[in-house]
Amino acid sequence: MADFSRSLDLSGASNFRDLGGYASQDGRLVRWRRIFRSDHLASLTPQDRQLLAGLGVARAVDFRGQAESAALSYELPHVRYQALPIEPIVVQRAKEMALAGQPMTAPTAVRLMQDTYRAFVSDNTSQFASLFEQLLLEDTPLVFHCTAGKDRTGFAAALLLRLLGVPHEVVLQDYLLTNERLQHRVPGSALPAPIVHVLHRVQTEFLGAAFDALEQDHGSLDAYVRDGLMLGPAELAQLRAKMLE
């Protein structure tokens, strides 16, 4: 078996990771070097771009909102780009709260993050469905990302791994790896450190809020997959055939 590294040491994207190697409950492994998750790709160095070309990355799916992607746009040779914007982002929600005079505390920030994750299910299921549609279209390596690669990307990665039969506790471990990998390349925040600690990291409660929401809204993960993501038994079998070995 080849010795692959999950985290690729790119200079311009600290949270670029391979989703391969995780064991499904049926004993198969997620294929290495087929599907990647990342923070934004606008700061890649020439060496980073060369590494992605060597990996054969042919498709990029971008969950950033319009203003985010416009501020940090990118174009990679031989990589087809698809925008699937998910808004409003946490920063927008925080600004709205400030304008409404609602004080931001650490517990408030946690609730804000949980509400954001619930909205992935209630307001943005079509974007995640489009990602799975892309995965089924062809077998070329694909990277999906947002700005930090932690929330929108984290939920998408968790959904994919769950659908591939990876146990929930392992899915959660992958989700929490962001706290070890992500290096924020943004100016210092005026917010107090405890609040920044919430907004710039991931917590099990955030992802849990999204999965609780899909249970409440659809009755079960299986129903959400069928009615929200539009993946029936044939599509799930095709996805697993492509992604597992």
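The values are calculated or read from the model by the stated rules, or taken from the named source; none is laboratory data. All figures in this text were calculated on a predicted structure; none of them were measured in a lab. Cβ atoms come from the backbone with ideal geometry, glycine included; neighbour counts cover every protein chain shown. Quick note on the areas: whole protein, heavy atoms, side chains included, nothing else; ligands and nucleic acids left out. Shrake-Rupley method; radii C 1.70, N 1.55, O 1.52, S 1.80 Å.
Here is how the numbers come out for the structure above:
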| read-out | value |
| --- | --- |
| Total residues in segment 22-59, condition assigned to a loop (DSSP other than H, G, I, E, B) and not aromatic (F, W, Y) | 18 |
| Tally of residues being in contact (Cβ under 8 Å) with a residue 12 or more places away in the chain and either of a type in the set (D, E, K, R) or not in a helix (DSSP H, G or I) (or both) across segment 97-108 | 2 |
| Residues that are assigned to a helix (DSSP H, G or I) and crowded, with 17+ Cβ neighbours inside 10 Å, drawn from segment 151-171 | R152, T153, G154, F155, A156, A157, A158, L159, L160, L161, L163, V171 |
| Checklist (1) on the phi > 0 side of the Ramachandran plot; (2) in a helix (DSSP H, G or I); (3) not acidic (D, E) applied to M230, failing item | (2) |
| Condition check for G54: touching a Lys or Arg at 6+ places or on another chain (Cβ under 8 Å) and open to solvent by 20 Å² or more (accessible area, probe 1.4 Å) | no |
| Check on T204, surrounded by fewer than 13 Cβ atoms within 10 Å (Cβ to Cβ) and in contact (Cβ under 8 Å) with a residue 24 or more places away in the chain | yes |
| Tally of residues being open to solvent by less than 10 Å² (accessible area, probe 1.4 Å) and either outside any loop (DSSP other than H, G, I, E, B) or within 18 Å of D9 (Cα to Cα) (or both) across segment 60-73 | 3 |
| When residues of segment 118-150 are limited to those that are open to solvent by 20 Å² or more (accessible area, probe 1.4 Å) and charged (D, E, K, R), the one nearest to L19 (Cα to Cα) | D139 |
| Whichever residue in segment 74-96 is among the β-branched types (V, I, T) and part of a helix (DSSP H, G or I) and, among such residues, is nearest to F155 (Cα to Cα) | V90 |
| Qualifying position, being open to solvent by less than 30 Å² (accessible area, probe 1.4 Å), under 19 Å from E138 (Cα atoms) and not aliphatic (A, V, I, L, M), among R33, R37 | R37 |
| Candidates A58, A94, A83 - the one that is small (G, A, S), farther than 24 Å from V121 by Cα and either touching a helix residue (DSSP H, G or I) at 6+ places or on another chain (Cβ under 7 Å) or touching a residue at least 40 places away in the same chain (Cβ under 8 Å) (or both) | A58 |
| So L221, is it within 24 Å of R240 (Cα to Cα), free of Cβ contacts under 8 Å to residues at least 60 places away in the same chain and open to solvent by 20 Å² or more (accessible area, probe 1.4 Å) | yes |
| Whichever residue in segment 40-51 is of a type outside the set (D, E) and over 25 Å from A129 (Cα atoms) and, among such residues, is least open to solvent (accessible area, probe 1.4 Å) | L44 |
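For (1) under 15 Å from the mean Cα position of the chain (by Cα); (2) under 19 Å from L136 (Cβ atoms); (3) modelled with pLDDT under 95, each residue gets a yes or a no:
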site	(1), (2), (3)
A2	no, no, yes
S14	yes, no, yes
A23	no, no, no
R28	no, yes, no
L44	no, no, no
D48	no, no, no
A58	no, yes, no
V61	yes, yes, no
